[in-house]
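Single-structure report; data block below.
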Amino acid sequence: MTTPADAASEQEPERHPDQERAFEPSPGPAFEPAPEPHGARPGARRRPGGRTARIRRQVLDAVLAELGEHGYDGLTTDAVAARAGVHRTTVYRRWGDVGGLLADVLDAAGDDDWQPPDTGSLEGDLRALNEEIQTALTAQPPVVAALIAASFRSEKAAHAQRRLWEDRYARCEIVVTRAVRRGELPPHTEALPLLIAATAPLYHELLLLRTPPDPRLPGRAARAAALAAAAGAFPGAAAADAT
């Protein structure tokens, strides 16, 4: 993507939507878009096809590359346009500013059919989920960490990131539902507090404390949360009212 901002990428022939590779930031449950399948989940945003989808992918890939290399302070719409090989007015017209670009990066990450792991046990599911998170947070360049940091600088990115987290945690509720059905957890265990307790140590150690990645951390955090949940540490509203 080294063509000038006004290069002839605008003149490339239109491709069938099935040829468009979906936007792919760093791996992990929070940022792992995949090609949208036929019969995608209800409520998923419908992506434009053909040339429009190709340009969007080029621009969002450029945002990730610029963000990973230069951070939020070095991210500009002009640099993104030049790297993507599109005219600067295309970026301004569709995304407006850096905040709009970051918001679309995060919204694109939610346009997928990702589902949490199913290992057959609550602890196993949480461990596998944490392993995905650790992989994403320690990938180089540190795109996921940069996106999280950027959300503190851009209101548009902050709102988009909240939407993404809410979507991911909602999808992960099935992990708790399965554990209740297997008898691993008390009925009415509340999913969100449990999931946050299981995953928070990864973000705390890797992003806040910046400790070196520990291969034992995903399993240790998962086991602590699973044991607490089995002991009734996360009762739902119905269980709390009963006491």
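For region 53-106, the fraction of 1.4 Å probe accessible surface lying on carbon and sulfur atoms is 49 percent. Using a probe of 1.4 angstrom and keeping all protein chains present, the accessible surface of region 69-155 works out to 41 square angstrom per residue. Evaluated with a Cβ-only charge set (Lys, Arg +1; Asp, Glu -1), region 84-243 carries a dipole of roughly 360 debye about its Cα centre, given to the nearest 20. Each of Trp165, Ala231, Gln140 was scored by the projection of its Cα onto the charge dipole of region 139-243, and the greatest displacement toward the positive side belongs to Gln140; charges sit on the C-beta of Lys, Arg, Asp and Glu. Residue-wise HN-Hα couplings along region 142-147, as the Karplus relation 6.51 cos²θ - 1.76 cosθ + 1.60 with θ = phi - 60° gives them from phi, are x, 5, 4, 4, 5, 5 Hz; Gly and Pro carry x. The H on the amide N of Thr189, modeled in the peptide plane, is under 5 Å from the matching H of Gly236, each at least 5 residues off or on a different chain. Between the amide H of Asp113 and those of Ala34, distances stay under 5 Å, these residues lying 5 or more places away or on another chain, with hydrogens modeled in the peptide plane. When you restrict to C-alpha pairs under 8 Å that are six or more residues apart and normalise by the size of region 150-197, the relative contact order lands at 28 percent. If R0 is taken as 35 Å, the Cβ-Cβ distance between Arg162 and Arg182 corresponds to a FRET efficiency of 0.65.
The label point for Ala231 and the one for Asp97, both projected 7 Å from the Cα toward the Cβ, are 4.8 nm apart.
Taken along the Cα-to-beta-carbon direction at a fixed 7 Å, the label points for Gln115 and Arg51 span 3.8 nm.
The values are calculated or read from the model by the stated rules, or taken from the named source; none is laboratory data. None of these values were measured; they are calculated from a predicted model. We place every Cβ from the backbone using ideal geometry, glycine too, and count neighbours over all the protein chains shown. In case anyone asks, the SASA skips ligands and DNA or RNA and just uses the protein heavy atoms, side chains included. Shrake-Rupley method; radii C 1.70, N 1.55, O 1.52, S 1.80 Å.
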